[in-house]
Amino acid sequence: MQQTRSFKQLWSSFLISEMGDWLLKIALPLAIYNQTGSATQMATVYGISFLPWIFFSLFGGIMADRYNKKLILILGNLVSGILVLILAILLSTETTQIGLIYLIVFFQSSVDPLIHPSFQSILPSIVKDNQIVAANTSIQLVDNTLNLLGPLVGGSLAVILNPNLSIVIDAVSFLIAGLLLTLISYQHIETAVKHHTIFNDIKTGFHYSYQNKIVWNGALLFLCTNFATNMFEANFMYFITGTLKYSALFAGITMAISGIGAVLGGLIAPILNNHYSSGKIITSTTILAGLGLVAMFQATNFIYIGIAYGVSNLCSNINVITYFSLRQRVVPEVILGRVVSVTRMISYIAMPLGSFFGGYLIGHHISLYVIILIAGILRTLVGLYARSTPLGRSNGEESVVSIEAEKV
């Protein structure tokens, strides 16, 4: 893809901030454990970092549609950098102020859901329509590659540099990312949406998402697939080390093999989108991802499990890239931020629910093999059903759906 200069700046900013973020994911729990000696505190920090996605996603969509997206992204990265720097200072003191650390972690984790809709909805403004799939692919490849290499590189640096210094580097990465975003060429267009109440904006986002059956059925598809996947994904490490009795090293190898599938999915997605309709790609990859999970039933070899899970991840990544690109094409930019936040919130609600249900089944002595089988079958059935919906019939060439919801 011949990337525009603005997209290159956006991509570079994303790469730098995500690299720093992986340092934080590894270093922050280690730093807290070094300070408190408590695994419970580590787990609590993880839970706190997830909560803002449920609480603030909708507000992020409203901000994206009301205000200057470029400015939101710049301020979001700068605020993250400052908050992470405060974290590093708090963790370097002799007295652990765990309550204050929780509060700063919550605030810092709130930035991402507040700026993510702006990130997604600014793309159609800085790349041509025929480059949207390629743009989403290159961004997703960064995410998947870092998911593959992040634990290894982040863990190594946290050990070599010490966790606190790694956190400082993450703070600097956010500040650099924010400065790069200032180079983006983007013209904000004022709209009447600015004068709506927050309640009306939320209502408009839900109403439009529901009216646009391609988008709505996509949100429901991800709701179901996220529920199915998280039934076992939260317990994947336990499956490898507890059920199958492999060491943590072999668990890491299994995850690395499965991560390769996600990277390959990012490379294949643009090719498929050039030859097949969006609906067929999304539904077919959902079905194949489910079958990949079914293939793990009764498997005991860690390499085979990694490959089967890798096939599922490959299909999942193609699925995500295709849906993001389709959504950006069929939703008007003036409301895209709210639609992104609504659909993301719907899909994210399923993640803790799936994890809880999977934990409930394990607590009632249901084998993880059975849970994996249920998850795979559910995902396959969702893909088959989606073929009969407007999403499944979508060819990616649909015109932008009119904004009747703006009259609500």
| message | Which pairs turn up if I take residues in the range 296-313 that are within 18 Å of Ser367 (Cβ to Cβ) and look for partners that are among the small types (Gly, Ala, Ser) with beta carbon separation below 6 Å, at least 6 apart in sequence or on another chain? | response | Met296/Ala308; Ile305/Ala299; Ala308/Gly292; Ala308/Ala295; Tyr309/Ser258
| message | On the basis of being surrounded by 20 or more Cβ atoms within 10 Å (Cβ to Cβ), touching a Pro at 6+ places or on another chain (Cβ under 6 Å), among the hydrophobic types (A, V, I, L, M, F, W, C) and touching a residue at least 40 places away in the same chain (Cβ under 8 Å), does Phe7 make the cut? | response | no
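Yes or no, residue by residue, for (1) among the hydrophobic types (A, V, I, L, M, F, W, C); (2) within 17 Å of Ser49 (Cβ to Cβ); (3) in contact with a strand residue (DSSP E or B) (Cβ under 9 Å, 6 or more places away or on another chain); (4) surrounded by fewer than 20 Cβ atoms within 10 Å (Cβ to Cβ):
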site: Ile74; (1), (2), (3), (4): yes, no, no, no
site: Gly81; (1), (2), (3), (4): no, yes, no, no
site: Ala88; (1), (2), (3), (4): yes, yes, no, no
site: Glu94; (1), (2), (3), (4): no, no, no, yes
site: Val105; (1), (2), (3), (4): yes, yes, no, no
site: Pro113; (1), (2), (3), (4): no, yes, no, no
site: Val127; (1), (2), (3), (4): yes, no, no, no
site: Asn136; (1), (2), (3), (4): no, no, no, no
site: Asn144; (1), (2), (3), (4): no, no, no, no
| query | Among the residues of the range 318-333, is any crowded, with 24+ Cβ neighbours inside 10 Å and farther than 29 Å from Gly292 by Cα? | reply | yes
| message | Which condition from (1) under 30 Å from Asn200 (Cβ atoms); (2) at pLDDT 85 or above; (3) small (Gly, Ala, Ser) is the one that Ser57 breaks? | response | (2)
| field | Pick from the range 146-163, criterion surrounded by 19 or more Cβ atoms within 10 Å (Cβ to Cβ) and within 17 Å of Gln35 (Cβ to Cβ), ranking: modelled with the highest pLDDT | value | Pro163
| Which of the following residues is of a type in the set (Phe, Trp, Tyr), assigned to a helix (DSSP H, G or I), without any contact (Cβ under 8 Å) to a residue 60 or more places away in the chain and surrounded by fewer than 16 Cβ atoms within 10 Å (Cβ to Cβ): Phe50, Phe55? | Phe55
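Quick one: count up the residues across the range 90-109 that are of a type in the set (Gly, Ala, Ser), assigned to a loop (DSSP other than H, G, I, E, B) and without any contact (Cβ under 8 Å) to a residue 40 or more places away in the chain. I'd like the intermediate steps shown before the answer.
So in the range 90-109, the residues of a type in the set (Gly, Ala, Ser) come out as 92, 99, 109.
Right, trim to assigned to a loop (DSSP other than H, G, I, E, B) and you get 92.
Checking the rest, the ones that are also without any contact (Cβ under 8 Å) to a residue 40 or more places away in the chain come to none.
Residues that pass the stated criteria total 0.
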| Is at least one residue of the range 218-227 touching a helix residue (DSSP H, G or I) at 6+ places or on another chain (Cβ under 6 Å) and β-branched (Val, Ile, Thr)? | yes
| From the list Leu123, Leu114, Leu87, which one is at pLDDT 85 or above, in the same structural domain as Val168 (by TED's automatic domain parsing) and either more than 16 Å from Ser341 (Cβ to Cβ) or assigned to a loop (DSSP other than H, G, I, E, B) (or both)? | Leu87
| said: Pairs please, first residue from the range 224-246 and among the aliphatic types (A, V, I, L, M), second anywhere and surrounded by 17 or more Cβ atoms within 10 Å (Cβ to Cβ) and not in a helix (DSSP H, G or I), Cβ atoms under 7 Å, 6+ apart in sequence or on different chains. | reply: Ile240/Tyr246
| Out of the residues in the range 62-72 that are in contact (Cβ under 8 Å) with a residue 60 or more places away in the chain and part of a helix (DSSP H, G or I), which is surrounded by the fewest Cβ atoms within 10 Å (Cβ to Cβ)? | Leu71
| message | Looking for something surrounded by 20 or more Cβ atoms within 10 Å (Cβ to Cβ) and either touching a Pro at 6+ places or on another chain (Cβ under 8 Å) or closer than 20 Å to Asn212 by Cα (or both) - is there at least one such residue anywhere in the range 348-359? | response | no
| Selected residue (only one of Thr243, Thr229, Thr225 is surrounded by fewer than 21 Cβ atoms within 10 Å (Cβ to Cβ), among the hydroxyl-bearing types (Ser, Thr, Tyr) and closer than 26 Å to Tyr304 by Cβ) | Thr243
| Which number in (1) outside the structural domain of Phe119 (by TED's automatic domain parsing); (2) more than 27 Å from Val331 (Cα to Cα); (3) modelled with pLDDT under 90 marks the one condition that Ile202 misses? | (2)
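The values are calculated or read from the model by the stated rules, or taken from the named source; none is laboratory data. This structure is a prediction, so every number in the text was calculated from the model and none was measured. Because the Cβ atoms are built from the backbone with ideal geometry, glycine has one as well, and the counts that use them run over all protein chains shown.
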